[in-house]
Amino acid sequence: MSALINEVVGNEALLAEQLVFEQIAADLVSQSWSVVLDGLPPAVAQPLFQQVRDLNDSDFDPAGIGRSQDHVHNSFVRRDQVRWIDGATMAEQVWLDWAQRLQTYLNRRLFLGLFSFESHFAHYGPGDFYKKHLDAFRPNGLERGARRELSLVTYLNPGWESSDGGELAIYDAAGEQVVRRVSPVYGTVVVFLSTEVPHEVLPAMRDRYSLAGWFRVNGSVADRPDPPQ
Ligand code: OGA
Ligand code: MN
């Protein structure tokens, strides 16, 4: 009997996951971004929340802008602190597995050619922000698409009130009008095309925890492999 119940519960979780993935895919086709409330399964969110709750300030580093050699810290642009995820804990493995399933789903459904994923925890203290930006720039003809293709953000803030601020503001493609404000509520999942969707993190009144990740398309050229991060 309990085996049967496990199977039914397992199937329901699988079905719920497929519905979330399908909503993301459909939204990406129609508008380049997707917001799914309660999109992160509790079995993924819960261990991540426990891990982030147990981290100290010293476990995070100031977030930078740009990649490798031109990586700089600019506190006028962003003030969050980050911690990269390498799969060292069970929580991180469960998260990476979920992201991998999303990657596989979107590749099958939308032929995106996503081939790798990198992600970090982010902590915004009260007053911290990240000004309007794109996560990646469209390749010019010479760079063969070595870039972030799809961005994924999710939040770990139980009991977040709208008066706590800290919304993610999503802009239209021209970067002129805010088309959606997303409160960083526990379990909300946001996915968008990294080169197409300008966005901004507005200052929060209290500590704000999130995970941000990027799926890459393979832009390697023989003498210049594209490194993660
Ligand atoms: C980012 C980012 C959004 C958020 O890390 O690039 O835009 O809501 N994060 O945390
Ligand atoms: Mn961003």
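The values are calculated or read from the model by the stated rules, or taken from the named source; none is laboratory data. Just so it is clear, the model here is predicted, and its values are computed rather than measured. Here the Cβ is made from the backbone with ideal geometry for all residues, glycine too, and neighbour counts use every protein chain on show. Just the protein is used for accessible areas: all its heavy atoms, side chains included, with ligands, DNA and RNA removed. Shrake-Rupley method; radii C 1.70, N 1.55, O 1.52, S 1.80 Å.
Residue-by-condition table, conditions (1) farther than 18 Å from THR154 by Cα; (2) aliphatic (A, V, I, L, M); (3) assigned to a loop (DSSP other than H, G, I, E, B); (4) in contact with a His (Cβ under 7 Å, 6 or more places away or on another chain):
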{"position": "GLN93", "(1), (2), (3), (4)": "no, no, no, no"}
{"position": "LEU106", "(1), (2), (3), (4)": "no, yes, no, no"}
{"position": "ARG109", "(1), (2), (3), (4)": "yes, no, no, no"}
{"position": "PHE115", "(1), (2), (3), (4)": "yes, no, no, no"}
Kindly provide the set of residues from the range 183-202 that are assigned to a loop (DSSP other than H, G, I, E, B), open to solvent by 10 Å² or more (accessible area, probe 1.4 Å) and either away from ligand 1 (no atom under 12 Å from the Cβ) or within 13 Å of SER151 (Cβ to Cβ) (or both), ordered by number.
TYR186, THR195, GLU196, PRO198
In the range 162-177, how many residues are farther than 22 Å from LEU211 by Cα and of a type in the set (A, V, I, L, M)?
2
State all residues of the range 45-88 that are under 21 Å from THR154 (Cβ atoms), at pLDDT below 90 and aliphatic (A, V, I, L, M); if no residue qualifies, say none.
ALA63
Those residues that are crowded, with 18+ Cβ neighbours inside 10 Å and not in a strand (DSSP E or B), I need them from the range 165-182; list them, please.
GLY166, GLU167
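Would you confirm whether or not the range 57-70 contains a residue that is under 20 Å from ASP207 (Cα atoms), open to solvent by 20 Å² or more (accessible area, probe 1.4 Å) and without any contact (Cβ under 8 Å) to a residue 12 or more places away in the chain?
Let us first name the residues in the range 57-70 that are under 20 Å from ASP207 (Cα atoms), namely 57-64.
From what's left, open to solvent by 20 Å² or more (accessible area, probe 1.4 Å): 57-59, 61-62.
From what's left, without any contact (Cβ under 8 Å) to a residue 12 or more places away in the chain: 58.
Looking through the range 57-70, at least one residue is under 20 Å from ASP207 (Cα atoms), open to solvent by 20 Å² or more (accessible area, probe 1.4 Å) and without any contact (Cβ under 8 Å) to a residue 12 or more places away in the chain.
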Out of ALA43, ALA88, ALA3, ALA13, I need the residue that is in a loop (DSSP other than H, G, I, E, B) and either more than 16 Å from ligand 2 (Cβ to nearest atom) or over 22 Å from GLU167 (Cβ atoms) (or both). Which one?
ALA88
Within the group PHE121, PHE115, PHE129, PHE111, which residue is of a type in the set (A, V, I, L, M, F, W, C), open to solvent by less than 40 Å² (accessible area, probe 1.4 Å) and out of contact with any Ser or Thr (no Cβ under 8 Å at 6 or more places or on another chain)?
PHE129
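So, of the residues in the range 27-56 that are of a type in the set (Gly, Ala, Ser) and touching a residue at least 12 places away in the same chain (Cβ under 8 Å), which turns out to be surrounded by the fewest Cβ atoms within 10 Å (Cβ to Cβ)? Before you say what the answer is, go through the steps one by one.
The first filter runs over the range 27-56 and keeps only residues of a type in the set (Gly, Ala, Ser), leaving 30, 32, 34, 39, 43, 45.
In the following step, the residues that additionally are touching a residue at least 12 places away in the same chain (Cβ under 8 Å) were identified as 32, 34, 39, 43, 45.
Values: SER32: 16, SER34: 20, GLY39: 23, ALA43: 11, ALA45: 24.
Step by step, filter the range 27-56, then rank; the result is ALA43.
Suppose we filter the range 191-216 for residues that are among the hydrophobic types (A, V, I, L, M, F, W, C) and over 24 Å from ASP59 (Cβ atoms); how many remain?
Taking the range 191-216 as the starting set, the residues that turn out to be among the hydrophobic types (A, V, I, L, M, F, W, C) are 191-193, 197, 201-202, 204-205, 211-212, 214-215.
Going one step further and asking which of them are over 24 Å from ASP59 (Cβ atoms), we end up with 191-193, 197, 202, 215.
Here the count works out to 6.
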Consider GLU92 against the criteria (1) away from ligand 1 (no atom under 16 Å from the Cβ); (2) open to solvent by 30 Å² or more (accessible area, probe 1.4 Å): it satisfies all of them except one. Which criterion is unmet?
(2)
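I'm trying to understand the selection: among the residues of the range 16-40, which are of a type in the set (Ser, Thr, Tyr) and in a helix (DSSP H, G or I)? Talk me through it step by step, then tell me what you get.
From the range 16-40, those of a type in the set (Ser, Thr, Tyr) are 30, 32, 34; that's our starting set.
The answer is SER30, and nothing else.
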